[in-house]
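S.K.: Supplied in C-alpha cells, the structure appears directly below.
The values are calculated or read from the model by the stated rules, or taken from the named source; none is laboratory data. This is a predicted model, so every value here is computed, not measured. When we count neighbours, we look across all protein chains shown, and the Cβ atoms used for this are built from the backbone with ideal geometry, even at glycine.
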Amino acid sequence: MTASTVGMRGSVPPMPERTPKALRAAIAQHTPKLLPDFDRNWREKIAETYDLAPVPAFMARWWAEFALARDPRLESEVHRLEDEAAAATDNAHAKSLVEQAGRLRREASKAEPGQ
C-alpha cells in the first residue's frame with residue numbers, strides 16, 4: 001500500500017513507528033475495538049512468559065491487524081469476501097474469494113511507518 005493509495009482512501013490514519021508501544025498507542029487512538037485483544041495477546045505471549053522471542057511474530061500479526069482495521073472500507077471489503085467465501089457452495093469460488101481477501105490483507109500489512 002503506497003502513501004498515494006492511502007490518501008485515496010480518505011482519512012486513514014498513518015502507520016505508527018514499528019514498535020509495540022507505538023503500535024499499541026495507534027490502536028488505542030484509531031481502532032480501540034482491537035485494544036482488548038492486543039493487550040490480552042501481549043500478556044499471554046510476551047508479558048506472562050518473559051520471553052521476547054515471540055515479539056517479531058506478535059508485531060507482524062498486530063501490524064497487519066491495525067493496517068486493515070484503520071481503513072474501514074478495506075476492512076469491510078475483506079470481511080465481505082470472507083463471509084461470501086464461508087457461504088459459498090462452490091469450492092473453486094470460495095477459494096477464489098479467500099485468496100482475494102488474503103491478497104488484500106497482505107497488501108495492507110506491507111504499509112510502512114508514516115504511510
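S.K.: Within the stretch 64-87, can one find any residue that is exposed (fewer than 12 other Cβ atoms within 10 Å of the Cβ) and assigned to a loop (DSSP other than H, G, I, E, B)?
M.R.: no
Quick grid of which residues meet (1) modelled with pLDDT of 95 or more; (2) farther than 19 Å from PRO72 by Cα:
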{"residue": "ARG9", "(1), (2)": "no, no"}
{"residue": "PRO14", "(1), (2)": "yes, no"}
{"residue": "LYS21", "(1), (2)": "yes, yes"}
{"residue": "ALA25", "(1), (2)": "yes, no"}
{"residue": "LEU34", "(1), (2)": "yes, no"}
{"residue": "PHE38", "(1), (2)": "yes, no"}
{"residue": "LYS45", "(1), (2)": "yes, yes"}
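S.K.: Please go through the stretch 43-59 and give me each residue that is exposed (fewer than 10 other Cβ atoms within 10 Å of the Cβ) and assigned to a helix (DSSP H, G or I), ordered by number.
M.R.: Passing the criteria: only PRO56.
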